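A short worksheet on the structure shown next.
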Amino acid sequence: MTLEAKKVVKGYRQGTISIEVLKELDLSISSGEIVAILGQSGSGKSTLMALLAGLDRPDKGEIWIDGSSLGEMGEHALTEFRAGRIGIVFQQYHLMSHLTALENVMLPLELLGRKQPRQKALVLLERVGLGDRVTHFPYQLSGGECQRVAIARALVTQPALLLADEPSGSLDAKTGQEVMALFFELMAEKEMTTILVTHNATLANLCHRQFLLSDGQLQSYAALTTG
Ligand SMILES: Nc1ncnc2c1ncn2[C@@H]1O[C@H](COP(=O)(O)OP(=O)(O)O)[C@@H](O)[C@H]1O
Ligand SMILES: [Mg+2]
């Protein structure tokens with residue numbers, strides 16, 4: 001799945017103060033590419049991910065996924081498009097607290113009316129090492145386990161585009177490493193266009209291309225030296 005953003009502008013207004021976060025940002029990603037986005041806290045990484053996911057709309061500019069303009073889709077079409085084609089992993093796992101691990105992973109399949117949701121969800125939970133935790137609720141799981149459920153939920157629909165916003169950001173160093181090792185393992189198995197927001201240069205270097213979000217725009221740069 002290809003992804004294209006042209007002159008994307010996004011700002012927020014808080015009372016009389018308005019801040020421009022993204023300033024005519026351009027981005028072009030080929031099918032199957034794995035791209036890292038780095039940038040200081042507050043530089044607009046999550047804002048950009050929300051726009052690419054169609055969770056929010058730019059003030060100006062346009063975003064195309066596989067040639068389809070997100071701006072031309074109505075809310076309903078956009079929701080359907082997102083559910084069927086895009087997998088999203090956030091820093092905070094955003095699991096449904098009243099659903100078990102299994103039910104959380106089954107949910108997107110059920111919403112899409114896909115066949116055999118239970119079976120597919122079980123396969124993926126097994127794959128992320130949670131085969132013995134399927135009836136646990138989020139509060140009964142550790143942070144790392146919750147994030148693995150969230151990764152399973154994002155991948156269970158076999159999305160063509162995966163958006164991951166600091167997926168190890170809430171985890172301790174060791175757990176974060178384990179989750180990210182799994183994340184890259186799963187990505188290698190699927191052929192997904194992936195955008196990974198991360199603070200970690202080592203993880204960024206595992207991606208095909210690296211971008212820095214700074215002053216509202218993306219700049220491409222060569223892999224960092226991490227010693
Ligand atoms: N809903 C919002 N309302 C007002 N300001 C916001 C909102 N979301 C983000 N911002 C501001 O936009 C800037 C970029 O935020 P964000 O995209 O979350 O950055 P990052 O993910 O890179 O840390 C920050 O200065 C933040 O305070
Ligand atoms: Mg963020």
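Read-outs throughout are calculated quantities, based only on the coordinates presented, and are distinct from any laboratory measurement. Keep in mind it's a predicted model, so treat the numbers as computed, not measured. Please note: Cβ atoms are built from the backbone with ideal geometry, for glycine as well, and neighbour counts cover all protein chains shown.
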Quiz item: Hey, if you put +1 on the Cβ of every Lys and Arg and -1 on every Asp and Glu Cβ in the chain, which of 205, 74, 61 ends up farthest toward the positive end of that dipole?
Solution: 74
Quiz item: Using the Cα gyration tensor of the stretch 25-92, with a ≥ b ≥ c the square roots of its eigenvalues, what is the shape: rounded (a/c below 1.5), prolate (a/b larger than b/c) or oblate (neither)?
Solution: rounded
Practice problem: Report the charge-dipole magnitude of the stretch 3-221 in Debye, nearest 20, computed about the Cα centre from +1 at each Lys and Arg Cβ and -1 at each Asp and Glu Cβ. | Solution: 220
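In a shell of Cβ-Cβ distance under 12 Å around residue 26, excluding residue 26 itself, what net charge do Lys and Arg (+1) and Asp and Glu (-1) give? All intermediate terms of the calculation are to be shown ahead of the outcome.
Working: positive: 6, 7, 23; negative: 4, 24, 62.
Net charge in that neighbourhood comes out at 0.
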Quiz prompt | the chain - percent relative contact order, Cα under 8 Å, separation 6 or more | solution = 29
Quiz item: Using alpha-carbon pairs under 8 Å, 6+ residues apart, how would you state the relative contact order of the stretch 97-196 in percent?
Solution: 29
Quiz item: Among 168, 25, 109, which residue has its Cα positioned farthest towards the positive end of the charge dipole of the chain, with +1 placed on the Cβ of Lys and Arg, -1 on the Cβ of Asp and Glu, and the dipole taken about the Cα centre?
Solution: 109
Quiz prompt | Dipole axis of the chain (+1 Lys, Arg; -1 Asp, Glu on Cβ), positive-most option in 43, 138, 196 | solution = 138
